Amino acid sequence: MTSEAGLYVHVPFCDKRCDYCDFVTFADRPDTIAPYLNALERELSFHSGTPIRTIFIGGGTPTALSPHQISRLMKSLRSTLDLSRLTEATVEANPESATTERLAAYRDGGINRLSIGLQTTNDETLKRLGRLHDFDGFLRAYRRARDIGFANVNIDLMFGLPGQTIADWRDTLSRVIDLGPDHVSAYALKVETGTRFFRDGVEADGDLQADMYLLASETLERAGFSHYEISNFCRPGRESLHNLRYWLNEDVIGIGVSAAGYRGGVRRKNTSKLQSYIERCLSGQLPEAEETALESNERGREDLMLRLRLRSGADASALRNAGVPNLDVFLSKGLADEVDGRFALRPAGWLLSNQLFQHLVS
């Protein structure tokens, strides 16, 4: 297919797996990186010449690659795909591996947006998460990124963490605002099956998380950020263009082990088994494990659900025609607005949004 798309590339390698992480990642597997890059190149060849509007390289830890490996990956993207329409290219970075050489390799390869995982400014909480950096280490990485020319930087945060208090969270927000990032993502801790947190019996306090969420929204908006999506805040004009493709249900190609994509009305997900992914790609096979074609009515309902994640909202008539309940209740309780035919949730409404989402996906 030659219509334009976004591109997600999964780099599954980490120096250490965080205690809350349930992504497909692999620690201490440096011997696998070279064959994995070979496999990525083969999978990319299946999409040769495709016009790419946005790129997001995630993980895992993309900054776990060496500068040479980073340069190789970026060269493969440029030589295989049509990047003449590229508007945004993001890479995720962890502070402990975001060296000047690695960041420069991504910058020189065409990356123009950086997303750095901080989570919290409290060093004791970072240790409880199993993170390898402290706040000072993050500050060095952040300043390094600015110094070498990254003008668009996101900071990832988490709240509702073990031992974290409202005061801790307020302090984190204050320190992050003082740094002047262009974008902030803030996610509530979810304790997923199979993680160390799950095995250790860690539980999230939903009421505390709700309070922290509303505090983040109020604090960041007061500081000039727009709360434009459930978990995302930006300076004017600094929305994540790649993630907007997901929320607008636009085409995205997923490359790499476990990567998911949506193209031409079909959802695809690659195998989550690393060795299987490598072997299948290198033998010329597609590494897909799942493929689902959406009916037009499914696509329409999914469109509505995803747009409700955005502060710009969804078409109110379409929501009512889809039989979504409680819209007027949300409006009467001040949890949503209806302006110019669009129904848009407020932050307090997003806390209850599953009531609406579940109907749209049922």
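Within the range 324-362, being without any contact (Cβ under 8 Å) to a residue 40 or more places away in the chain and part of a helix (DSSP H, G or I) holds for L327, D328, V329, F330, L331, S332, G349, N354, Q355, Q358, H359. Scanning the range 232-241 turns up no residue that is closer than 26 Å to T120 by Cα, basic (K, R) and exposed (fewer than 14 other Cβ atoms within 10 Å of the Cβ).
Restricting R17, R85 to those that are more than 30 Å from P162 (Cβ to Cβ) and not small (G, A, S) reduces the list to R85. One residue stands out among those in the range 80-98 that are without any contact (Cβ under 8 Å) to a residue 40 or more places away in the chain and out of contact with any Asp or Glu (no Cβ under 9 Å at 6 or more places or on another chain): the one that is surrounded by the fewest Cβ atoms within 10 Å (Cβ to Cβ), which is S84. Cβ separations smaller than 9 Å between residues 6+ apart or across chains give the following pairs from the range 234-247 residues that are among the hydroxyl-bearing types (S, T, Y) to residues that are in a helix (DSSP H, G or I): Y246/L306. Screening the range 5-56 for residues that are in a loop (DSSP other than H, G, I, E, B) and at pLDDT 95 or above and picking the one that is surrounded by the most Cβ atoms within 10 Å (Cβ to Cβ) gives P12.
Residue by residue, here is whether (1) in contact with a strand residue (DSSP E or B) (Cβ under 9 Å, 6 or more places away or on another chain); (2) over 23 Å from A188 (Cα atoms) holds:
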site	(1), (2)
T90	yes, no
A104	no, yes
L126	yes, no
G130	no, no
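Can you go through Y213, Y246 and tell me which one is aromatic (F, W, Y), buried (at least 16 other Cβ atoms within 10 Å of the Cβ) and under 12 Å from the mean Cα position of the chain (by Cα)? Answer to the check: Y246.
The values are calculated or read from the model by the stated rules, or taken from the named source; none is laboratory data. Remember, it's a predicted structure, so these values are computed and weren't measured experimentally. Ideal geometry is used to build each Cβ from the backbone, glycine not excepted, and the neighbour counts take in all protein chains shown.
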